[in-house]
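These notes concern the structure reproduced below.
The values are calculated or read from the model by the stated rules, or taken from the named source; none is laboratory data. Since we're looking at a predicted model, the values are computed, not measured. Glycine gets a Cβ as well: all are built from the backbone with ideal geometry, and neighbour counts include every protein chain shown. Remember, those area values only see protein heavy atoms, side chains included, never the ligands or the DNA or RNA. Shrake-Rupley method; radii C 1.70, N 1.55, O 1.52, S 1.80 Å.
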Amino acid sequence: MSNLQFDFTIDLANNTVVVVREFNAALPLVWDAFTKPEILDQWWAPKPFESRTKVMDFQVGGRRFYAMVSPEGHEMWQVQQYTSITPKTNFKYLSAFADKDENMNLPGSDWDLTLSEENGITKVSISIYNESQERMQKMIEMGFKEGFTMTLNYLDQLL
(Lines give C-alpha, C1' and ligand atoms only; values in the text may rest on other atoms or scores of the structure.)
Protein backbone atom coordinates (compact mmCIF):
# COMPACT_ATOMS: atom_id res chain seq x y z
CA MET A 1 0.00 0.00 0.00
CA SER A 2 2.77 2.46 0.84
CA ASN A 3 3.94 2.50 -2.78
CA LEU A 4 0.79 4.41 -3.80
CA GLN A 5 1.45 8.01 -4.78
CA PHE A 6 0.36 10.84 -2.52
CA ASP A 7 1.59 14.37 -3.22
CA PHE A 8 0.28 17.57 -1.68
CA THR A 9 1.75 20.78 -3.10
CA ILE A 10 0.89 24.30 -1.97
CA ASP A 11 1.85 26.95 -4.54
CA LEU A 12 1.31 30.27 -2.75
CA ALA A 13 2.55 32.38 -5.67
CA ASN A 14 -0.20 31.00 -7.91
CA ASN A 15 -2.91 30.57 -5.22
CA THR A 16 -3.03 26.87 -6.09
CA VAL A 17 -3.03 23.57 -4.24
CA VAL A 18 -2.32 20.39 -6.18
CA VAL A 19 -3.12 16.99 -4.68
CA VAL A 20 -2.31 13.71 -6.40
CA ARG A 21 -3.46 10.54 -4.69
CA GLU A 22 -3.58 6.94 -5.87
CA PHE A 23 -6.12 4.42 -4.62
CA ASN A 24 -5.99 0.63 -4.88
CA ALA A 25 -9.47 0.56 -6.42
CA ALA A 26 -11.11 0.52 -9.85
CA LEU A 27 -11.92 3.87 -11.44
CA PRO A 28 -15.73 3.45 -11.42
CA LEU A 29 -15.63 2.92 -7.63
CA VAL A 30 -13.49 6.01 -7.04
CA TRP A 31 -15.65 8.09 -9.43
CA ASP A 32 -18.78 7.07 -7.50
CA ALA A 33 -17.10 7.96 -4.20
CA PHE A 34 -16.66 11.54 -5.47
CA THR A 35 -20.02 11.90 -7.24
CA LYS A 36 -22.65 10.06 -5.17
CA PRO A 37 -23.77 11.87 -2.00
CA GLU A 38 -24.45 8.69 -0.02
CA ILE A 39 -20.79 7.66 -0.47
CA LEU A 40 -19.33 11.19 -0.34
CA ASP A 41 -20.87 11.84 3.07
CA GLN A 42 -19.08 8.78 4.48
CA TRP A 43 -15.62 10.26 3.96
CA TRP A 44 -15.69 13.96 2.96
CA ALA A 45 -15.14 15.47 6.44
CA PRO A 46 -12.17 15.28 8.81
CA LYS A 47 -13.16 13.64 12.09
CA PRO A 48 -14.82 14.54 14.39
CA PHE A 49 -16.82 16.47 11.74
CA GLU A 50 -19.45 14.79 9.58
CA SER A 51 -20.40 15.69 6.02
CA ARG A 52 -24.14 16.05 5.40
CA THR A 53 -25.32 16.71 1.86
CA LYS A 54 -28.59 18.61 1.65
CA VAL A 55 -28.75 18.85 -2.17
CA MET A 56 -26.66 17.21 -4.86
CA ASP A 57 -27.41 17.54 -8.55
CA PHE A 58 -24.33 16.16 -10.31
CA GLN A 59 -24.63 17.75 -13.74
CA VAL A 60 -23.16 20.81 -15.43
CA GLY A 61 -24.95 23.78 -13.87
CA GLY A 62 -25.96 21.63 -10.89
CA ARG A 63 -24.62 21.85 -7.38
CA ARG A 64 -23.88 20.13 -4.11
CA PHE A 65 -24.96 22.02 -0.99
CA TYR A 66 -23.64 20.44 2.16
CA ALA A 67 -22.52 21.11 5.72
CA MET A 68 -19.58 19.99 7.77
CA VAL A 69 -21.18 19.34 11.14
CA SER A 70 -19.25 19.35 14.41
CA PRO A 71 -20.08 16.93 17.25
CA GLU A 72 -21.77 19.90 18.98
CA GLY A 73 -24.00 20.42 15.94
CA HIS A 74 -22.23 23.53 14.57
CA GLU A 75 -22.74 23.64 10.78
CA MET A 76 -20.28 25.06 8.25
CA TRP A 77 -22.05 25.22 4.88
CA GLN A 78 -20.47 24.98 1.47
CA VAL A 79 -21.66 25.06 -2.14
CA GLN A 80 -20.02 23.27 -5.06
CA GLN A 81 -21.31 24.45 -8.46
CA TYR A 82 -20.47 21.97 -11.23
CA THR A 83 -19.03 23.73 -14.27
CA SER A 84 -17.76 20.79 -16.35
CA ILE A 85 -18.21 17.01 -16.30
CA THR A 86 -16.52 14.41 -18.49
CA PRO A 87 -17.93 11.10 -17.18
CA LYS A 88 -15.46 8.90 -15.29
CA THR A 89 -12.41 11.07 -16.07
CA ASN A 90 -12.87 14.73 -15.05
CA PHE A 91 -15.15 17.20 -13.34
CA LYS A 92 -14.78 20.79 -12.25
CA TYR A 93 -16.62 22.95 -9.77
CA LEU A 94 -16.59 26.27 -8.00
CA SER A 95 -16.43 25.75 -4.25
CA ALA A 96 -17.51 28.50 -1.86
CA PHE A 97 -18.41 28.83 1.78
CA ALA A 98 -22.08 29.67 2.31
CA ASP A 99 -24.68 30.28 4.97
CA LYS A 100 -27.51 27.86 5.77
CA ASP A 101 -29.67 29.60 3.12
CA GLU A 102 -27.07 28.89 0.43
CA ASN A 103 -25.88 32.49 0.09
CA MET A 104 -22.32 32.04 -1.15
CA ASN A 105 -19.39 33.86 0.41
CA LEU A 106 -17.20 34.66 -2.59
CA PRO A 107 -14.45 34.54 -3.70
CA GLY A 108 -14.29 30.79 -3.85
CA SER A 109 -11.94 28.23 -5.32
CA ASP A 110 -12.02 26.34 -8.61
CA TRP A 111 -11.56 22.59 -8.25
CA ASP A 112 -10.45 20.44 -11.20
CA LEU A 113 -10.46 16.68 -10.58
CA THR A 114 -9.01 14.22 -13.08
CA LEU A 115 -9.22 10.45 -12.63
CA SER A 116 -7.30 7.76 -14.48
CA GLU A 117 -6.74 4.06 -13.90
CA GLU A 118 -3.77 1.85 -14.60
CA ASN A 119 -3.48 -1.79 -13.50
CA GLY A 120 -6.35 -1.43 -11.00
CA ILE A 121 -4.82 1.67 -9.37
CA THR A 122 -6.87 4.84 -9.77
CA LYS A 123 -5.04 8.15 -9.69
CA VAL A 124 -6.96 11.26 -8.66
CA SER A 125 -5.31 14.57 -9.54
CA ILE A 126 -6.92 17.60 -7.94
CA SER A 127 -6.01 21.18 -8.75
CA ILE A 128 -7.55 23.82 -6.51
CA TYR A 129 -7.21 27.43 -7.65
CA ASN A 130 -8.17 30.11 -5.13
CA GLU A 131 -9.53 33.34 -6.55
CA SER A 132 -7.74 35.39 -3.91
CA GLN A 133 -4.57 35.23 -1.84
CA GLU A 134 -6.73 35.86 1.26
CA ARG A 135 -8.85 32.78 0.61
CA MET A 136 -5.73 30.71 -0.04
CA GLN A 137 -4.26 31.82 3.30
CA LYS A 138 -7.55 31.12 5.09
CA MET A 139 -7.65 27.58 3.65
CA ILE A 140 -4.14 26.90 4.90
CA GLU A 141 -4.79 28.44 8.32
CA MET A 142 -7.97 26.36 8.70
CA GLY A 143 -5.81 23.24 8.38
CA PHE A 144 -6.85 22.30 4.86
CA LYS A 145 -3.77 20.17 4.22
CA GLU A 146 -4.20 18.12 7.40
CA GLY A 147 -7.98 17.89 7.05
CA PHE A 148 -8.01 16.95 3.39
CA THR A 149 -5.22 14.41 3.92
CA MET A 150 -7.39 12.87 6.65
CA THR A 151 -10.46 12.71 4.41
CA LEU A 152 -8.51 11.10 1.58
CA ASN A 153 -7.26 8.50 4.06
CA TYR A 154 -10.89 7.80 5.01
CA LEU A 155 -11.71 7.37 1.33
CA ASP A 156 -8.80 4.95 0.99
CA GLN A 157 -10.15 2.88 3.90
CA LEU A 158 -13.69 2.99 2.50
CA LEU A 159 -12.59 1.78 -0.93
When every protein chain stays in place and a 1.4 Å probe is rolled, ARG63, ARG135, ARG52 sorted by accessible area with the largest first are ARG52, ARG63, ARG135
To the nearest 0.05, how large is the calculated FRET efficiency for ASN14 and GLU72 if R₀ is 30 Å and r is the Cβ-Cβ distance?
0.25
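According to the square roots a ≥ b ≥ c of the eigenvalues of the Cα gyration tensor, what is the shape class of the chain, taking rounded for a/c under 1.5, prolate for a/b larger than b/c otherwise, and oblate for the remainder? Provide the component values of the computation, followed by the final result.
Values: a/c = 1.37, a/b = 1.26, b/c = 1.08.
In terms of gyration-tensor shape, rounded.
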If I build a Gaussian network model for the chain, linking alpha-carbon pairs within less than 10 angstrom, which residue out of PRO46, PRO107, PRO71 has the largest mean-square fluctuation?
PRO71
Please work out how much accessible surface LEU12 shows to a 1.4 Å probe, ignoring ligands, DNA and RNA, in Å² rounded to 10.
80
Mind grabbing the accessible area of PHE97 for me, 1.4 Å probe, Å², rounded to tens?
50
Based on the Kirkwood radius over alpha-carbon pairs, what is the Stokes-Einstein translational diffusion coefficient of segment 33-92 at 20 °C with 1.002 mPa s viscosity, in µm²/s?
178
Express in Å², to the nearest 10, the accessible area of TYR129 obtained by rolling a 1.4 Å probe over the protein heavy atoms while all chains stay in place.
100
Alpha carbon centre of segment 25-48 versus segment 67-97: separation in Å?
12
With a ≥ b ≥ c from the Cα gyration tensor eigenvalues, square-rooted, and the rule rounded for a/c under 1.5, otherwise prolate when a/b > b/c and oblate otherwise, segment 65-159 is prolate
Other residues with Cβ under 9 Å from the Cβ of SER109 give, with Lys and Arg +1 and Asp and Glu -1, a net charge of -1
Here the net charge surrounding TRP44, from other residues whose Cβ is less than 10 Å away from its Cβ (Lys, Arg +1; Asp, Glu -1), is 0
